[in-house]
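A.B. asks: This is the structure I want to talk about, given as structure tokens.
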Amino acid sequence: MQTLIGESSHATALTKISDVVLDVTREAGVGVNLTLHPLPILNVSEHVTRARAQMGTDNVSVYGVLLGTQSGRNVEIHNAFEMRVDPAAPGAPAGGLQVNHNFLKSRQSQFKQVFPTLDFLGWYSVGPVPTLQDVQIHQQLLGYNEAPIFLQLSPTNTRVAEAAASGELPLSTYESTVEIVHGETKMFFVPTGYRIDTGEAERVAVDFASRPAESGNDAAASSSLLGNLKSSYNAIRMLADRIKALNGYVQSVHNAAPSDGSTLAEIDTANATTIDHETLRQIAALCASIAPSSEGQSLNAELLTEYHDVFLTNQLTCLTSGLNSLNELVDKFDFVSQPGKREAGLPPRSFRLR
């Protein structure tokens, strides 16, 4: 069940999956226009993968900072770096976490020297849904930005499968808002939309990162072979899809044709199948351009003849090579077996009989 908070005239419902996320949608022109670039997404993914490899478990918690530019309500996230979060000091709420501000300020200063135009705009974490712990961390970061963006990555198999099926990424973005609950102010997260934007350099980098890693002397050859095979596969798959579509269209037209000799115009009126005469003519011309089956036997005979010629050439080459080796063996045997020629020719010591 949903829980209502606030006054009755401005009641807002919590989502069914989290007690800190409001079930509202930002109206156009109210929320931020958030744009994500590939680099911060790759940084977050790399951070999670590295933490999993180091700890040997998939249940990890990672935190980091989002850097970017902001112009009014237009926010662009260009980069990200890790953030250290320590256990809370004694006396703090159970399960609380404390942001290491010294480490954060040091890293922010270093990034500011390299990227002077990028500012602190938010932070990221991992998990299925925001929790009260995320709200506590969010409140600790208000000193760096009065309205930071919260990006949460959900690297679970279920979430990744759902995102892949819908053509999205397994991440969610949130803004923060304050509501009155029983006379007290509390902070909640509000879902916000985002879009992906890439520059030319980013597209090149992402394309390079998406290729499989190669090592050794055969890396270049393997990469070239993989590229050629991939191109051939895509071409064959596209051809198969086109043939399947044409076959389905012709089959639907054939099934729609009545057995009483009605014309195509009458078929079009009586059935849902759309008859496109130009398309049918093009299909007929394409089929006519293909070699008929009657020429299949001559084509097979030609291929067989060519195969036999190539096979015979290879056999003759092997035979010639064998005869040459036999010739060399006979010459060496004659040389070794005749003492007079052996002494006169002074062969190498390895050829002399002991």
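A.B. asks: Taking Gly64 and the conditions (1) surrounded by 15 or more Cβ atoms within 10 Å (Cβ to Cβ); (2) modelled with pLDDT under 90, which numbered condition does it fall short on, given that it satisfies the others?
C.D. replies: Failed condition: (2).
A.B. asks: Here is a follow-up. Please go through the stretch 111-165 and pick out each residue that is of a type in the set (D, E, K, R) and either surrounded by 18 or more Cβ atoms within 10 Å (Cβ to Cβ) or modelled with pLDDT of 90 or more (or both). Break it down stepwise before answering.
C.D. replies: So in the stretch 111-165, the residues of a type in the set (D, E, K, R) come out as 112, 119, 134, 146, 159, 162.
Result: Lys112, Asp119, Asp134, Glu146.
A.B. asks: Would you check if Gly143 is in the same structural domain as Leu36 (by TED's automatic domain parsing), in a loop (DSSP other than H, G, I, E, B) and free of Cβ contacts under 8 Å to residues at least 60 places away in the same chain?
C.D. replies: It is true that Gly143 is in the same structural domain as Leu36 (by TED's automatic domain parsing), in a loop (DSSP other than H, G, I, E, B) and free of Cβ contacts under 8 Å to residues at least 60 places away in the same chain.
The values are calculated or read from the model by the stated rules, or taken from the named source; none is laboratory data. Computed from a predicted structure; not experimentally measured. With ideal geometry, Cβ positions are generated from the backbone for all residues, glycine too; neighbour counts draw on all protein chains shown.
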